[in-house]
Every structure is written in C-alpha cells, then in structure tokens.
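A short write-up of the structure that comes next.
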Amino acid sequence: MSEGPSPWACVAGWPIAHSRSPLIHGFWLRQLEIAGRYERVPVPPGDFATFAENIGRDGLLGANVTVPHKENAFAACDRLTAAAADLGAVNTLWRENGALWGDNTDVAGFLANLDEQAPAWQGDARSAVVLGAGGAARAVVKGLLMRGVAKIAIVNRSFERAERLAAHVGAAASAETPARLPTLLASADLLVNATSLGMKGQPPLAIDLKPLPDRAIVADLVYVPLETPLLAEARRRGLRSVEGLGMLLHQAAPAFERWFGVRPKITAELRALIAADIASGEPR
Ligand code: NDP
C-alpha cells in the first residue's frame, strides 16, 4: 500500500528568503515529533491565485502568507474567520471540505505578546498611540479595540491612510499627523510602532519619548534588530517595553495548530533559537 505525500505547510511571499517562519515551525515539528515539514515558497506578484489552488493537494496542508500577498490571500478565500474578514487581510490559509479558509492571526499574536510581556496592561491602557496605518497597524488597532482601549490615535506619514483606518474603526480612533505626536504622547498609556521604521535596512524611527508619562508602555512590532532603538530608548527611560519577536511567535502558534492539530508551546528555547538567528544577521 502506498503512503500519501508527507504533510507540509509553507510561508508564501515575495521575497521570502528573510522569513523566520521555517525556523519556528521546524522547531515545533521536531519538538512534537510530527512527520511534516515547513518550507519557504517564493510566489511572484500575479501568481498567488495559482499558488492558493494547490493548498490541499499533494500534502500541502496550508500556508502562512506574508508581504505582498495578504490582500491577495483574502481575495482567494472561500471562507474567512471574523478577524480576517474585518481586517481584509489573511496570513493563514488551509482547506476544509474543499473550501479555502483564511484567518488573520496577527491580532491574536499582538495581544498574546502584550499580555505576556506587559501583564495587566489592559487595565492601565485607556489611551493608545499607534504609529503606522498599514496591515500590521490595522491588526494592532483591531486588537486594542477588542480589549476596550477607549482612545486610539493613528499617526501616519500618509495622512489619508490614517484617515481611512480611523474611519473604519469609528469613534474610538482619530487620524493624526506626526506633528501632533508630542501632544498625543503626553497623555498616552501605550505607544505601538507598527511602521517598518527602525527595522534593519530601513530609516530610523525619529521620535522623542520625553513627553510620554512614566506609566506608559512602549511596544515595537519590528523584531530585527530584537531591541530596536525605540525599545532601547524606552528602557533607558525606565518604561515598560514589549519587543516584536513575541508577536511573531504568538501569531505562528494558532497557524501551526490549524495544520498539524497540536497547539505548540512558545518556550524560552524557541525564543533563544530565533533571537540567535536574528542576531547572526542571516536567516537560516
Ligand atoms: P505596510 O507596508 O503595510 O505598512 C508600512 C507602514 O510603515 C505604513 O504606515 C508606512 O507609512 C510606514 N512607513 C514605511 N516607511 C516609512 C517612512 N520612511 N517614513 C514614515 N513611515 C513609513 O507594512 P506592515 O504593516 O505589514 O508591517 C509594518 C511593520 O510591522 C514591518 O516592520 C513588519 O515587519 C512588522 N510586523 C511585525 C509583525 C510581528 O509579528 N512582530 C507582524 C506584522 C508586521 P505610509 O502609509 O505613509 O507609507
């Protein structure tokens, strides 16, 4: 009797060589002794629909989706979770009874990381400033709303993009220009960087944290480097800080569970493995 193809999952993006997802899922597959694999699949712009059709075939259980395909993945799905439908972006795909399903685990990942690294933040954070209005910022804003943050200022270089996001959110959010930052920070309980600024190879995030109150929490979604200049500055100020690697790990766990049927653990060993890879400068 012939065995079926070995089960596998992948991350699809363009470019994709930088993705740490294979390291994370590979760690869990080994640790849980699951006979499966997780690969990087480069999918050029324009080829996403063809890629998506193959999910469910030849052992391909599902995929993570990254830049620039999260909206393409949304469009390719037959069914969506509530989070994906609300965000208009999908980062996790799988097939169920023939239908292509899409979820967005960035919201859950952002919240789980904040819960872990800044316990009790929710009770303290009534007013948040979110830098950025792209896909990641949308997930952050959605998460903060779900947890009852009453006031969310969205600050973005392209003001119209901030306005669109704020309009989608409703009364709790306002669109703001970077010039308003000193005033906004003075009453902020939580500052989140959801731009790509501060990431290796990108311009630095030029922001003065002095106006932030001492109670404020500073979170950065950027995780290369692990300690961004923003987080280093927050640490120097004695503020609670939340790094982006935890979000990456926490958004991966529900996807792994979806495909391989086991909820994997985010351990110190996994964190150290990925941190070492980031510090080495080149993804394995
Ligand atoms: P997008 O491309 O959708 O958005 C990028 C954002 O950064 C926009 O708000 C953009 O502003 C802003 N930006 C980019 N360059 C500049 C600049 N030179 N000056 C001012 N603003 C700038 O990306 P994503 O939302 O998908 O990702 C944003 C960051 O979050 C990335 O670094 C990504 O790696 C990280 N991320 C981390 C995750 C994690 O698990 N830790 C998960 C998802 C994302 P504008 O609208 O004006 O262009």
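General remarks:
- For the criterion of being in contact with a strand residue (DSSP E or B) (Cβ under 6 Å, 6 or more places away or on another chain) and in a loop (DSSP other than H, G, I, E, B), I34 fails.
Per-residue answers, yes or no, for (1) open to solvent by 50 Å² or more (accessible area, probe 1.4 Å); (2) touching a residue at least 12 places away in the same chain (Cβ under 8 Å):
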{"position": "A232", "(1), (2)": "no, no"}
{"position": "A253", "(1), (2)": "no, yes"}
{"position": "R258", "(1), (2)": "yes, yes"}
{"position": "L270", "(1), (2)": "no, yes"}
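- G246 meets the conditions (1) of a type outside the set (F, W, Y); (2) without any contact (Cβ under 8 Å) to a residue 60 or more places away in the chain; (3) touching an Asp or Glu at 6+ places or on another chain (Cβ under 7 Å) in every case but one. The failed one is (2).
- Filtered residues of the stretch 96-109 (kept if open to solvent by less than 10 Å² (accessible area, probe 1.4 Å), within 16 Å of the ligand (Cβ to nearest atom) and in contact (Cβ under 8 Å) with a residue 40 or more places away in the chain): T105, G109
- Subset of the stretch 80-95 (residues that are surrounded by fewer than 18 Cβ atoms within 10 Å (Cβ to Cβ) and either within 16 Å of the ligand (Cβ to nearest atom) or aromatic (F, W, Y) (or both)): D86, G88
- The one condition from (1) touching a strand residue (DSSP E or B) at 6+ places or on another chain (Cβ under 8 Å); (2) farther than 26 Å from S158 by Cβ; (3) open to solvent by less than 40 Å² (accessible area, probe 1.4 Å) that R240 does not meet is (3).
- Index of the failed condition, A276 passing every other in (1) within 15 Å of the ligand (Cβ to nearest atom); (2) open to solvent by 30 Å² or more (accessible area, probe 1.4 Å); (3) of a type in the set (A, V, I, L, M); (4) more than 30 Å from D124 (Cα to Cα): (1)
- Qualifying residue in the stretch 200-216 (condition: open to solvent by 10 Å² or more (accessible area, probe 1.4 Å) and within 21 Å of A276 (Cβ to Cβ)): yes
- Of the helices (runs of 4 or more DSSP H) lying entirely inside the stretch 123-225, those carrying at least 1 residues that are within 8 Å of the ligand (Cβ to nearest atom) and in contact with an Asp or Glu (Cβ under 6 Å, 6 or more places away or on another chain) are 135-146.
The values are calculated or read from the model by the stated rules, or taken from the named source; none is laboratory data. What you see is a predicted model, and the numbers here were worked out from it, not measured in a lab. Reconstructed Cβ throughout: ideal geometry from the backbone, glycine too, with neighbour counts over all protein chains shown. These accessible areas exclude ligands, DNA and RNA; they are computed on the full protein's heavy atoms, side chains included. Shrake-Rupley method; radii C 1.70, N 1.55, O 1.52, S 1.80 Å.
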